[in-house]
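See below for the structure under consideration.
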Amino acid sequence: MTVLTRPELIGTITELRAALDRDRAATRRADGTPGRVVLVPTMGALHAGHLSLVRRARSRGEIVVVSIFVNPLQFGAGEDLDAYPRTLDADVALLTELGVDVVFVPTADEMYPAGGGLTRVVAGPVGSLLEGAARPGHFDGMLTVVSKLINIVGPDTVMFGQKDAQQVFLVQRMVADLNLRVAIEVAPIVREPSGLALSSRNRYLEPSEAEAAVSLSEGLGAASVAAALGTADAAAATRTARAIIAARPLVKLDYLVVVHPETFLPVEAQHRGPARMLVAALVGHTRLIDNVPLDLNPEPRATAQKI
Ligand code: AMP
């Protein structure tokens, strides 16, 4: 029988740094370099999507740190900060099974003494589009806490999920723009068998809402097939997805757009080449997001060979 060791649960920055210095030295590799630290930032209420990131992290480094922190800075007025699910005991049990070394669970006071300094990381123009338009200040709050976590943990790699595509884009930009010495790795979206992307907020959905919410991944899937067949440009792929989602009155679409992977800006209607389709919708009171890569309207294939 394998004996599982509970991760070390640490709430303060000082203790975390001391524990990681100790762990890095203890896992020094044959070439003399210290053990690699991989950080998985989360807000808890862990599900299989988070766990896929943690498994990936386990295979990348000697020391895996999972942070669980519901970051007040990235919630706007009237959002679900207080109601956000908090399930620490269950989270720690899951992380124990995956062999996580350290769980960092700071309080809001530890991260933002006296309510927080005035310094913020500002996301730039893409930070106020799409999710940023629906949630003003969200991405500044997210980038501020991610940069704090990077400075606190000093990881070699930070693991993010593709589920939050705009978050991934902005974190990668921040790392490049601010020359942060860290690698960002992105893990694919984990879905329910129905196709619904896993989210901590799915637990708010009534059964009828969960069923209607499947139209988001169905719409994206149909757009992706149309793109792969070479029959759709950005506008046609959007129409395909929109028709499927519009058939579900419980789903109130916020945006459905195709963006360029390098700029995250909406592409032109006839765009060719790689792109990403993003969707956000309110289902009941629950805001859901999803996305899919598209290879749009590749160059027309050579016509039939002359004999
Ligand atoms: P959160 O706890 O919502 O802040 O998410 C923590 C990390 O888990 C983020 O990098 C998310 O993108 C990632 N994540 C959340 N849901 C999924 C999912 N269904 N598949 C893959 N990654 C996910």
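Other residues within the sphere of radius under 15 Å centred on the Cβ of L282, judged by their own Cβ, net out at -2 (K and R +1, D and E -1).
At full extension, T231 and E79 could sit 50.7 nm farther apart than now, given 0.36 nm per residue minus the alpha carbon distance. Sequence-distant contacts, meaning Cα pairs under 8 Å at least 6 residues apart, place the relative contact order of the chain at 15 percent.
Counting 0.36 nm for each residue step from R86 to A269 and taking away their Cα separation leaves a gain of 61.7 nm. All Cα-Cα distances of the stretch 5-101, cut into 10 Å bins from zero to the largest, leave 14, 43, 31, 10, 2, 0 percent in each bin in turn. Around the Cα centre of the stretch 202-296, unit charges on the Cβ atoms of Lys, Arg, Asp and Glu (plus for the first two, minus for the last two) sum to a dipole of about 120 debye. Taking packing as the residue-averaged number of other Cβ atoms within 10 angstrom, the listed peptides 242-255, 219-232 run from highest to lowest as 219-232, 242-255. What you get for the chain, charging only the Cβ of Lys and Arg (+1) and of Asp and Glu (-1), is a dipole of about 660 debye around the Cα centre. In the context of the full set of protein chains, residues of the stretch 8-187 present 44 Å² of accessible surface per residue (probe radius 1.4 Å, heavy atoms only).
Each of Q162, P136, A48 was placed along the dipole of the stretch 8-187 (beta-carbon charges, centred on the mean Cα), and the one lying farthest toward the positive end is Q162.
The calculated 222 nm mean residue ellipticity attributable to helices in the chain amounts to -11000 deg cm²/dmol, summing -39500 (n - 2.57) over DSSP H runs of n ≥ 4 and dividing by all residues. Hydrodynamic radius of the chain by the Kirkwood approach over all distinct alpha-carbon pairs: 20.9 Å. Here the accessible area of the stretch 1-128 is 57 percent carbon and sulfur, with a 1.4 angstrom probe and all protein chains present.
GNM remark for the chain: springs join alpha carbons under 10 Å apart, and the peak mean-square fluctuation among R239, R135, R28 falls on R28. With 10 Å bins from zero, work out the P(r) of the stretch 202-296 over every alpha carbon pair and list the percent per bin. Taking every Cα pair in the stretch 202-296, the percentages come to 18, 49, 25, 7.
The values are calculated or read from the model by the stated rules, or taken from the named source; none is laboratory data. Please read these numbers as outputs of a predicted model, since none were measured by experiment. Here the Cβ is made from the backbone with ideal geometry for all residues, glycine too, and neighbour counts use every protein chain on show. Each accessible area value is taken on the protein alone, full model and side chains, heavy atoms only, with ligands, DNA and RNA left out. Shrake-Rupley method; radii C 1.70, N 1.55, O 1.52, S 1.80 Å.
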